[in-house]
Amino acid sequence: MAKRAFITGITGQDGSYLAELLLLKGYEVHGLIRRASTFNTSRIDHLYVDPHEAEVKLFLHYGDMSDGARMMGLLSQIQPDEVYNLAAQSHVRVSFDEPIHTGNTTGIGSARLLEAVRTIGLGTRFYQASSSEMFGGTPPPQNEETPFYPRSPYGAAKVYSYWMTRNYREAYGMYAVNGILFNHESPRRGATFVTRKITRAVAAILAGKQQDLFLGNLDAVRDWGYAAEYVEGMWRMLQADSSDDYVLATGRAFSVRDFLEFAFDHAGLDWRRHVHFDERYLRPTEVDALVGDASKAKELLDWSASVTSPELAGIMVDADVAALASSDGKWIDKVSLNTWVSTPAWDIQQ
Ligand code: NAP
Ligand code: GDD
């Protein structure tokens with residue numbers, strides 16, 4: 001029997017890579033998807049299979065992290081072996097604008113899902129997408145023993161989810177793990193996170209469609225890895241003999257200014273001629289430096305990151321340059337007017 005997985009956040013960056021990985025491993029994959037007035041499946045459209053032509057292994061279900069009853073119903077219907085809780089309002093800056101919504105989805109949403117898993121009582125293994133943002137103000141290097149000091153409503157919500165996951169493990173003996181992941185990026189990264197904002201701008205500047213790029217704090221230090229590698233670590237966490245918490249990171253520190261250098265240099269451009277400061281992109285409280293120590297994951301899961309931040313910048317610039325070129329210069333038009341051409345007819349489970 002194929003294993004069955006349920007992924008919340010399947011339409012996001014990590015959800016799309018994880019769905020790919022699990023399908024490759026022979027899983028039957030179920031994903032939670034929000035009903036939206038526009039298509040929101042672009043990151044997983046390449047996984048669509050026409051049910052008339054081949055066996056379907058990927059199923060989508062409408063739902064929302066704010067709706068606990070729906071989770072209970074879905075889990076009893078799907079009866080998954082593994083649940084990956086990736087759904088979140090995941091933008092740190094936005095969490096200052098929407099602290100209550102962020103708490104409700106990124107925080108209490110996890111509790112709703114944990115409670116559904118516990119109630120269904122099938123021994124389902126649970127993965128929680130915890131974050132290095134939980135370390136916030138505690139200086140690097142950060143590992144599984146480092147005290148949390150969240151500096152945003154998002155970070156605070158993730159700390160709540162982290163402790164709820166541990167509590168369900170300790171109180172009910174659930175197989176529940178926290179993957180404490182440091183920043184990981186890819187060509188599928190949301191366009192308003194700083195790496196993708198930079199690489200999209202590089203492509204647009206090269207194509208003569210943009211001259212200026214406005215950014216906030218260039219001094220922030222992050223440990224940027226490649227998302228496609230990190231989902232393998234998530235899966236390994238759920239295959240271990242017992243549940244535990246693990247950091248995934250590259251262990252290398254770079255500033256936003258360094259990433260600008262990598263991305264612009266890769267395209268033969270000088271970032272100083274294009275980048276300007278805009279205080280709108282500052283945060284009320286900033287996280288100055290996140291640099292992870294992933295030696296526990298190396299030792300117990302045999303997981304380590306191989307793609308470095310400079311290589312990642314190159315991968316992302318190349319992908320954005322190719323995406324812009326393939327849209328025949330109709331970047332906006334293509335997205336807004338022609339999506340029906342490329343969006344498959346998902347039969348989303350109602
Ligand atoms: P992402 O691209 O922003 O994806 C977030 C996903 O959550 C999307 O599928 C989104 O659906 C879904 N979602 C948001 N609110 C929801 C709601 N109320 N109900 C149901 N679904 C909802 O994030 P990501 O980069 O893939 O990250 C995956 C997870 O890892 C997140 O929990 C994030 O906080 C965490 N994390 C990420 C990083 C990182 O560097 N990427 C590091 C540490 C932890 P739509 O597509 O409809 O918006
Ligand atoms: N987004 C953004 N936009 N960030 C900027 C900008 C800008 O114009 N200018 C400077 N920055 C700085 C931010 O202040 C921050 O210090 C850094 O770039 C990284 O910002 P993001 O790319 O938005 O990521 P993040 O580190 O805040 O959060 C990401 O990583 C977390 C893990 O540490 C998100 O993916 C979170 O969901 C994740 O948990």
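The values are calculated or read from the model by the stated rules, or taken from the named source; none is laboratory data. On a predicted model such as this, the values are computed, not experimentally measured, just so you know. FYI the Cβ positions are ideal-geometry reconstructions off the backbone, even for glycines, and counts take in every protein chain you see.
Things worth noting here:
- Long-range neighbours under 7 Å by Cβ, at least six apart or interchain, first residue over 17 Å from Gln13 (Cβ atoms) within region 88-105, second within 13 Å of ligand 1 (Cβ to nearest atom) and of a type in the set (A, V, I, L, M): Thr102/Ala157; Gly103/Ala157
- Hey, Arg166 within 16 Å of ligand 1 (Cβ to nearest atom), within 29 Å of Ala19 (Cβ to Cβ), basic (Lys, Arg) and in contact (Cβ under 8 Å) with a residue 40 or more places away in the chain or not: no
- Of all residues in region 192-251, those satisfying the criterion of being within 17 Å of Arg272 (Cα to Cα), of a type in the set (S, T, N, Q) and either without any contact (Cβ under 8 Å) to a residue 40 or more places away in the chain or away from ligand 2 (no atom under 12 Å from the Cβ) (or both) are Gln210, Gln211.
- Of everything listed in (1) assigned to a loop (DSSP other than H, G, I, E, B); (2) near ligand 1 (Cβ under 10 Å from one of its atoms); (3) among the small types (Gly, Ala, Ser), the single unmet condition for Gly208 is (2).
- Odd one out for Gly173 among (1) farther than 22 Å from Leu300 by Cα; (2) surrounded by fewer than 22 Cβ atoms within 10 Å (Cβ to Cβ); (3) among the small types (Gly, Ala, Ser): (1)
- Of all residues in region 108-162, those being among the small types (Gly, Ala, Ser), part of a loop (DSSP other than H, G, I, E, B), within 19 Å of Gly251 (Cα to Cα) and within 19 Å of the chain's Cα centre (by Cα) number 1.
- Ser66 vs. criteria modelled with pLDDT under 95 and within 15 Å of ligand 1 (Cβ to nearest atom): no
- The set of residues in region 176-188 that are buried (at least 24 other Cβ atoms within 10 Å of the Cβ) and of a type in the set (Lys, Arg) is empty.
- Positions within region 1-60 being within 17 Å of the chain's Cα centre (by Cα), more than 16 Å from ligand 2 (Cβ to nearest atom), crowded, with 16+ Cβ neighbours inside 10 Å and of a type in the set (D, E, K, R), in sequence order: Glu20
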